[in-house]
1. Expressed as an acute angle from 0 to 90° and rounded to the nearest 10, what is the orientation of the C-alpha long axis of helix 95-109 relative to the principal long axis of the chain?
2. Give the percent of DSSP beta bridges with both residues in the chain that are antiparallel, rounded to the nearest 5.
3. How big is the chain on each of its three principal axes, counting only the C-alpha atoms and giving the largest first in Å?
4. Using a 10 angstrom cutoff on alpha carbons, build the Gaussian network for the chain and name the most mobile of Asp94, Asp67, Asp302.
5. Starting from the Cα-Cα distance between Arg351 and Glu107, subtract it from 0.36 nm times their residue separation and give me the gain in nm to one decimal.
6. Relative to a virtual label point 7 Å from the Cα of Arg278 in the Cα→beta-carbon direction, which members of segment 172-191 show backbone nitrogen distances below 15 Å?
7. Say each of Glu127 and Tyr3 gets a label point 7 Å from the Cα, pointing the same way as Cα to Cβ; how far apart are those two points in nm?
8. Run lengths n ≥ 4 of DSSP H only: what is the helix-derived mean residue ellipticity at 222 nm for the chain, with -39500 (n - 2.57) per run over all residues, to the nearest 500?
Amino acid sequence: MRYRKLGKTGLMVSEIGFGTIPILKGNIPVLPDYYNLEEDEALLVMKAAFDRGCNLYDTAIVPEYGDAEIKLGKFAAYIGRERIVISDKARFFDGNGIYQAVQTSCEHLGTYADIYFVHQVDAEHEEEVFRKGGALDALSELKAEGKIRFAGVASHYYDILLRGAKDLRVDVLQGSGNLLERGMLERIQSEPLFLEKGILINKVYAAGILPAFFPVQTLLGNVLSYPISCALLGIGTIEQVEAAMNTDTISEELLSFEEVLSHLEKDYSPIPCDRCQRCDCPYGTEIHTLFRQYQYYFLGKDYWALRKLTMGIEDSVRWCQKCAKMPCITQCPRKIRIPDEIENIGKLTRRHPIWRK
């Protein structure tokens, strides 16, 4: 295992981090693919990763990740708290909410969290997080009290991560990216402000989809070629540990975006969108997310993706038809005919049984 600096925190973290979603137990409808591990099984899997050099374990407050936070706390006590870095998070955006969430997480863990993230920050909650008295102010207070060591912002949106990179209260950022959805990674690479922060990247396997199309070592090598601190993987079995944690075998062969698309074209016609998030719809359609769900439909998450696609797709099609300026086309670096692709997605949802239920 190799290690990288976590920004200016002074911590060195393993290039591969352990995401605890697969070790949870419980009914979590938004997380359909996990292994429902009992406590002893979960401890064995976490120990296998530790034995291979993993020292960063990422979790979230109960019940968002089921009981994974509690299991991680027991593992920390078993292995020795100072031997691992705990990354935790909660989806509370106001100061009072996140302050209480950290207190609760510390009780579940039986210890402090090294990093605590405001989780899944989006445009709706952005101002609440960053304003005076918001979640970041609360995390700063918790740092001063010794309840956490470092404060973080986790988001799927580049603009929010960039705002976090500019904010002195933020020590670590968590975003998403992979071989296919590399737009955010490329923008992070080109912006010097991100060099000041530790950066964790999730969705390296794209919700478990991409290993069916590319070798694990290729997926890891491409993400780790960017200036990040750690690639987070959801791990639920010893076999997954063995496949991912031998970083000496990580491929140094970097695939271009065009090569990735060419490979996927054997199975379907991919939209050439890397989720750079530069496109802007005056009517509010989140174009890059719509395209992601389309890709996932053909890459194996068909039922889940289609249910997401049917939410508001007819409105998006109608807005595209009435939009005269179409700024999204001029903003797209890859010159995607976005209205045409959205119309095709609308046709896909109309002919599928879910649409008729």
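Readers should treat all values here as calculations from the given coordinates under stated rules, not as data from a laboratory. This structure is a prediction, so every number in the text was calculated from the model and none was measured. Reconstructed Cβ throughout: ideal geometry from the backbone, glycine too, with neighbour counts over all protein chains shown.
1. 60 degrees
2. Expressed as a percentage, antiparallel bridges in the chain total about 10.
3. If we take the Cα atoms of the chain, the spans are 58, 46, 43 Å.
4. Asp302
5. Additional length available on full extension: 82.9 nm.
6. Residues 182-191 fall inside that zone.
7. Going from the Glu127 label point to the Tyr3 one covers 4.4 nm.
8. So the helix-based figure for the chain works out to -12000 deg cm²/dmol.
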